[in-house]
Structure formats: C-alpha cells, structure tokens
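This report concerns only the one structure given below.
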Amino acid sequence: MRIDLTKLIGTYGAEIPFEGQVDLTGEEMYGAYPFQSPVTYSGRIVNHLGVLRLTGTIKTVLNTCCSRCLKPLDILLTAETDVILSRDAGAEEEDDVFPLEENAVEVEDVLVPALILQVDMTYLCKEDCKGLCPICGCDRNETECSCQTRQIDPRLAALASLLNRQDEQE
C-alpha cells in the first residue's frame with residue numbers, strides 16, 4: 001500500500017490510518033514457504049511537530065514444523081513497528097528511522113521486514129520434545145523403540161573392535 005505523505009507534511013497533528021493485507025506465499029525461508037496464511041497489517045502515520053512517525057502492527061500464522069520430531073506447527077507471529085520517516089540520506093543507519101526517497105511510503109517495505117525478523121530458525125512442539133530415533137525413525141514422544149541409543153563415533157570404531165576382541169579372549 002503506497003501512501004502519499006504530501007497531505008501530512010504541512011499539517012501538525014494530522015494522521016493517516018491504514019490497514020491491508022500482503023501476499024507472502026512466495027516468500028522462501030530456510031527452504032520452505034512458511035507464510036501460507038493471510039498477512040494482515042494496520043497502523044497510522046502521524047505528523048508530530050513536523051516529524052512523520054509510522055506505527056503499525058503486522059500479523060500472520062507461520063506454518064512450520066518441530067525441528068526435532070517434524071510435527072507440523074502453526075505459530076502466531078506478530079511484529080510491531082514504530083519508525084520515523086525521514087528524507088535525510090544519512091539517517092538510514094539509524095534503527096528507528098526509515099529513509100524516504102520521495103513524498104510517499106510503501107507501508108509493506110516497513111512492516112514486512114519487521115515480521116520476517118520475528119521468525120526463529122527452529123521451533124519445538126514442546127520444550128521436552130524427544131524427537132525422532134536416528135536409527136528406526138519412530139517418534140520418541142509417542143513410542144519407545146528398542147534401538148541401541150549408544151552410538152560409536154566412526155573414528156573410534158577400530159578401538160571398539162579391539163576392546164571386543166580383548167573381551168572375547170578373556
């Protein structure tokens with residue numbers, strides 16, 4: 001959504017509210033497309049004593065999976081933004097300043113990066129998730145398998161075979 005700021009520039013206290021949706025279904029993250037639900041946003045731009053401030057909230061449901069047991073997860077994701085809109089070219093290094101190139105702003109350019117920064121690399125279905133068995137692949141949260149959980153480092157396998165021979169000789 002493109003908002004023309006010329007209405008706000010000369011009028012102190014004026015504001016422009018906004019709300020809308022953005023399609024992020026094609027946004028790839030970590031090899032998946034997690035934004036399959038609608039992404040909605042709302043907020044306002046206010047002229048406060050000659051300073052234009054954009055405040056807004058963006059929300060969606062992130063479709064991902066548990067990083068241990070691979071169960072599908074739906075995570076409610078929300079990001080809030082409060083930035084100053086500035087035409088000063090040197091201000092883009094500031095965290096709370098969004099540089100403007102003309103007298104208009106694309107609201108999605110401000111809000112979508114804030115939402116993407118809220119995405120963690122991994123999510124768990126529960127804190128004590130046991131994950132999948134590396135040998136048989138069963139979900140350890142649902143069943144107990146009889147696989148040997150002690151694995152020998154392949155670099156030390158030769159030493160293990162020596163220990164086994166010594167046990168056999170005795």
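One residue stands out in segment 1-59 among those that are among the hydrophobic types (A, V, I, L, M, F, W, C) and not in a strand (DSSP E or B): the one that is nearest to residue 77 (Cα to Cα), namely 35.
In the set (1) within 15 Å of residue 73 (Cβ to Cβ); (2) surrounded by fewer than 10 Cβ atoms within 10 Å (Cβ to Cβ); (3) aliphatic (A, V, I, L, M), the condition left unmet by residue 117 is number (1).
When segment 29-60 is filtered for residues that are in contact (Cβ under 8 Å) with a residue 60 or more places away in the chain, under 21 Å from the mean Cα position of the chain (by Cα) and crowded, with 16+ Cβ neighbours inside 10 Å, the ones remaining, listed by number, are 34, 39, 41, 43. Scanning segment 105-163 for residues that are part of a helix (DSSP H, G or I) and farther than 30 Å from residue 54 by Cβ yields a count of 10.
Go through the residues of segment 61-74 one by one and say whether even a single one is farther than 30 Å from residue 134 by Cβ and surrounded by 12 or more Cβ atoms within 10 Å (Cβ to Cβ). Checking segment 61-74: at least one residue is farther than 30 Å from residue 134 by Cβ and surrounded by 12 or more Cβ atoms within 10 Å (Cβ to Cβ).
Which ones in segment 131-148 are of a type in the set (S, T, N, Q) and surrounded by 10 or more Cβ atoms within 10 Å (Cβ to Cβ)? 141, the sole residue that qualifies. The residues listed here are 79, 32; of these, the one that is touching a Ser or Thr at 6+ places or on another chain (Cβ under 9 Å) and modelled with pLDDT under 90 is 32.
The values are calculated or read from the model by the stated rules, or taken from the named source; none is laboratory data. All values derive from a computational prediction rather than experimental measurement. Every residue, glycine among them, receives a Cβ derived from its backbone with ideal geometry; neighbour counts consider all protein chains shown.
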